Amino acid sequence: MKSYSIILLAAGSSSRFGFAKQLAQINGKSFIQHAVSEAMKVNKNVIAVLGANLDAVKKEIENFPVQKVHKKEGEKGKE
């Protein structure tokens, strides 16, 4: 049986948004919390790729059992 993961790309700096979009509040939860929660309903193997605002975003999902990957220069949109 094949195993699959969900990869959440949350490394951007949200420069046009004005502040870290990952931290925006939606119904009492941050956007990143909402995204992780919904992804985990589909698949428990979730990988969150973080970059800009690393510490603040990481703190938002510290209680979720997801793999957190730091993408250096993710806020610049580089590979």
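Miscellaneous remarks
- Ala35 vs. criteria part of a strand (DSSP E or B) and crowded, with 19+ Cβ neighbours inside 10 Å: no
- Residues (charged (D, E, K, R) and either at pLDDT 95 or above or open to solvent by less than 100 Å² (accessible area, probe 1.4 Å) (or both)) located in region 1-32: Lys21, Lys29
The values are calculated or read from the model by the stated rules, or taken from the named source; none is laboratory data. Since the structure is predicted, the reported quantities are computational estimates derived from the model, not experimental observations. Glycine also receives a Cβ, built like all others from the backbone with ideal geometry; neighbour counts cover every protein chain displayed. Areas reflect the complete protein model, heavy atoms only, side chains present, ligands, DNA and RNA absent. Shrake-Rupley method; radii C 1.70, N 1.55, O 1.52, S 1.80 Å.
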